Amino acid sequence: MDKSIFKAYDIRGIYPAQFNEDSAYGIAQAYIKIFKPKSVVLGRDVRESGKSLFNAALSGFVDGGVDVVDIGVVSTDGFYFAVGELHVDGGITISASHNPRQYN
């Protein structure tokens, strides 16, 4: 995994060269090992790579025995609201926010 994708406040890189489905799966698995969640929310933005990255992260959580609430295409604010209101242990949203389209 390309270590340059890990930033101070998020994880992002150029898809698929730096960040891809294997990365998304591995990050979900690492999230489980570090935080030990029972349930999480998982969302994404509308980028072309979002759906396949979402599915990879979903598999990573499900394979680790974590219940996932699919909140679909969502803004960052909507993601934070869902984490706070749905009584889950955390979550991931797959979005590169304001970065150019090749990122995720």
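Please count how many residues of segment 54-81 are free of Cβ contacts under 8 Å to residues at least 40 places away in the same chain and in a helix (DSSP H, G or I).
Residues flagged as free of Cβ contacts under 8 Å to residues at least 40 places away in the same chain and in a helix (DSSP H, G or I) within segment 54-81 amount to 15.
If I go through segment 42-53 residue by residue, how many of them are small (Gly, Ala, Ser) and free of Cβ contacts under 8 Å to residues at least 40 places away in the same chain?
1
Only one of 84, 26, 43 is assigned to a helix (DSSP H, G or I), small (Gly, Ala, Ser), in contact with a helix residue (DSSP H, G or I) (Cβ under 8 Å, 6 or more places away or on another chain) and at pLDDT 95 or above. Can you tell me which?
Exactly one of 84, 26, 43 is assigned to a helix (DSSP H, G or I), small (Gly, Ala, Ser), in contact with a helix residue (DSSP H, G or I) (Cβ under 8 Å, 6 or more places away or on another chain) and at pLDDT 95 or above, namely 26.
Could you tell me which numbered condition residue 16 fails, if it satisfies all but one of (1) of a type outside the set (Gly, Ala, Ser); (2) assigned to a loop (DSSP other than H, G, I, E, B); (3) touching a helix residue (DSSP H, G or I) at 6+ places or on another chain (Cβ under 7 Å); (4) modelled with pLDDT of 95 or more?
Only one criterion is unmet by residue 16, namely (3).
Give me the pairs, please: first residue somewhere in segment 1-16 and farther than 16 Å from residue 102 by Cβ, second residue anywhere and surrounded by 11 or more Cβ atoms within 10 Å (Cβ to Cβ) and modelled with pLDDT of 95 or more, beta-carbon distance under 8 Å, and either six or more positions apart or on two chains.
So the pair list comes out as 1/22; 1/23; 1/26.
Tell me, which residue of segment 46-65 that is small (Gly, Ala, Ser) and within 18 Å of residue 12 (Cβ to Cβ) is surrounded by the fewest Cβ atoms within 10 Å (Cβ to Cβ)?
Only one residue fits best here, namely 52.
Any idea which residue in segment 28-45 is farthest from residue 67 (Cα to Cα), counting only those that are among the β-branched types (Val, Ile, Thr) and surrounded by 21 or more Cβ atoms within 10 Å (Cβ to Cβ)?
41
The values are calculated or read from the model by the stated rules, or taken from the named source; none is laboratory data. Treat the numbers as computed from the prediction; the structure is a model and nothing was measured. Please note: Cβ atoms are built from the backbone with ideal geometry, for glycine as well, and neighbour counts cover all protein chains shown.
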